[in-house]
Amino acid sequence: MYQDLSLDRFMQGLIKRNPGEPEFHQAVHEVAESVIPFILDNVRYREAGILERMTEPDRSVIFRVVWEDDEGNIRVNRGFRVQFNNAIGPYKGGLRFHPTVNLSILKFLGFEQTFKNSLTTLPIGSGKGGSDFNPKGKSDREIMRFCQSFMTELYHHIGPNTDVPAGDIGVGAREISYLFGQYKRLTGEFTGALTGKGIEFGGSLIRTEATGWGAAFFMQAMLAHRGDSVEGKTCVLSGSGNVALYCAQKLMQLGAKVVTLSDSSGFIHDANGLDEDKLHWLIDLKTRRRGRIREYAEHVGCQYHEGTRPWGVPCDLAFPCAVQNELDQQDARTLAVNGCQAVAEGANMPTTVEAIKVLHDAGVLFGPGKAANAGGVAVSGMEMSQNSIRMAWGAEELEHRLRDIMNGIHDQCVHYGENGELVNYVRGANVAGFRKVADAMLAYGAI
């Protein structure tokens, strides 16, 4: 049955089973392109239909979320939890609150999470969830009521040894606090059923910084592998959430110069580069005051470009840290022509398939999100460990562990992706992540 496994045949079957889910199709295609040749060389994976099994979630839960706004109106949203694969540990992945949330996006994110979590070498499986609820413009009490209603259904499906959600877009410390408070009320237990919690009640230090720091560490490892470093490099970043802000912070600490950040309305170009004072002002703007990036340009007197992306700014290193498919084929050509040496994805699937090919053909190092942005889930996994043993590690210890994990992910990518002098980090990440999960699935038996 599996002797004629090919990318086209496999994708035709997947699209037929999952119609109208383009984000999921794109994520699977990117992985399948790398792992099918590996599967064809390893008959045990082919005969057990591992890839077919791995692309089908264990279960997808969809539920109604009813809540009351401040005017007393009854509002209805849709909630989701996609539990993708628990072959190597309990389901683990974020919750996203955003009006674009649908099953396709959550399946793409959950599928990516399978490989990302595997690469960390921590015992955590993969899942993703959320709602089409939009927290923007809502009061704290409206968000609290929504989160409590959402958790009233979700708690049936999660737990410290079953499924451990975290935050994602639209779900920060405030939302996690409301969600965890409701979970505790409903279960009568104080367990590590959520990560991203406040430090006061079981959270981990450096969790906020982890994804951004991890992307910087991964870039540092890619450059070090070819005898170079981040120091002195000009860096272009998209986004202005926690990932972008803390990636910028760590890059600056490593001696790089960060010149751009963005949001959905445009980007700022600070040719002088960010410094610690500017960054602290930005962190306050984006996390406490929830302002727009153009306010930074007004504050420091730098350029602001409305309605465009930062990829035309000449740079040595680029970090797409905003949303999926934000860096397209033309953007990739521009980066390559302008001399960009390496790209590391801070967001999930921010680079299109066509853009990745352009970067590879141009010899630009490319760190895919499942490897480069695994820092967040790595520290979430460490939060689970700290909750289990009822202790908390210090920030210095956690940063050391995070750096070791990111270096370990890099080494796995090199092992499976090296081809002469070049490293195909996409292939390396996909094959390394696939192999660990596939071996666990084989060990459990074929059915």
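Contact order normalised by length for segment 208-363, with contacts defined as Cα pairs under 8 Å and 6 or more residues apart; what percent is it?
Result for segment 208-363 is 23 percent.
With a/c under 1.5 counting as rounded, go ahead and sort segment 390-447 into rounded, prolate or oblate using the C-alpha gyration tensor (a ≥ b ≥ c being the square roots of the eigenvalues; past the cut-off, prolate if a/b is larger than b/c, else oblate).
oblate
Check cross-link reach from Lys197 to the lysines: straight Cα distance under 19 Å, and skip same-chain residues fewer than eight apart.
The qualifying lysines are Lys92, Lys128, Lys184.
Under 1.5 on a/c is rounded, so check that first for segment 1-108, then, if it is not, pick prolate when a/b is larger than b/c and oblate when it is not; a ≥ b ≥ c are the square roots of the alpha carbon gyration tensor eigenvalues.
Because a/c hits 1.5 or more and a/b exceeds b/c, segment 1-108 counts as prolate.
Using the count of nearby Cβ atoms within 10 Å as a rough guide to exposure, how do Val82, Val259 rank from fewest to most?
Val259, Val82
Any chance you could list P(r) for segment 320-396, counting all Cα-Cα pairs in 5 angstrom bins from zero, rounded to whole %?
3, 16, 21, 18, 10, 8, 8, 8, 5, 3, 0
What value, in deg cm²/dmol to 500, does the helix sum -39500 (n - 2.57) over DSSP H runs of n ≥ 4 give at 222 nm once divided by the residues of the chain?
-15000 deg cm²/dmol
Using Cα-Cα distances under 8 Å and only pairs 6 or more residues apart, what relative contact order does the chain have, in percent?
With pairs under 8 Å counted, the relative contact order is 15 percent.
Residues of segment 74-97 with the amide nitrogen closer than 13 Å to a label point 7 Å from the Cα of Glu153, along Cα-to-Cβ, please.
75-82
Would you mind working out the magnitude of the charge dipole of the chain relative to its Cα centre, with +1 at each Lys and Arg C-beta and -1 at each Asp and Glu C-beta, to the nearest 20 Debye?
With Lys and Arg at +1 and Asp and Glu at -1, about 940 debye.
Consider all pairwise Cα distances in segment 208-363 and report the whole-number % of them above 23 Å.
Beyond 23 Å sits 29 percent of the P(r) for segment 208-363.
Using unit Cβ charges (K, R positive; D, E negative) and no other charged atoms, how large, in debye to the nearest 20, is the dipole of segment 208-363 about its Cα centre?
Rounded to the nearest 20 debye, it is 160 debye.
Would you please give the FRET efficiency between Arg9 and Leu442, computed as 1/(1 + (r/R0)^6) with r the Cβ-Cβ distance and R0 = 25 Å, to the nearest 0.05?
That gives a FRET efficiency of 0.65.
Just report the Cα centroid separation between segment 84-137 and segment 265-337, whole Å.
Their Cα centres are 26 Å away from one another.
What list do you get for Cys413, Cys340 if you sort them by fewest beta carbons within 10 Å?
Ascending Cβ contact count within 10 Å gives the list Cys340, Cys413.
What distance in nm separates the simple spin-label points at Ser385 and His400, each placed 7 Å from Cα in the Cβ direction?
Going by the 7 Å Cα→Cβ label model, 1.3 nm.
Report relative contact order for segment 349-447 in percent, whole number only (criteria: Cα-Cα under 8 Å, sequence separation at least 6).
25
Can you classify the chain as rounded, prolate or oblate using the Cα gyration tensor, where a ≥ b ≥ c are the square roots of its eigenvalues, rounded means a/c under 1.5, and otherwise it's prolate if a/b beats b/c and oblate if not?
rounded
Using per-residue counts of other Cβ atoms within 10 Å, averaged over each peptide, order 396-406, 110-120 from highest down.
Final packing ranking: 110-120, 396-406.
No value in this document is a laboratory result; all are computed from the given coordinates. Computed from a prediction, not measured in an experiment: that's the story for all the values here. Please note: Cβ atoms are built from the backbone with ideal geometry, for glycine as well, and neighbour counts cover all protein chains shown.
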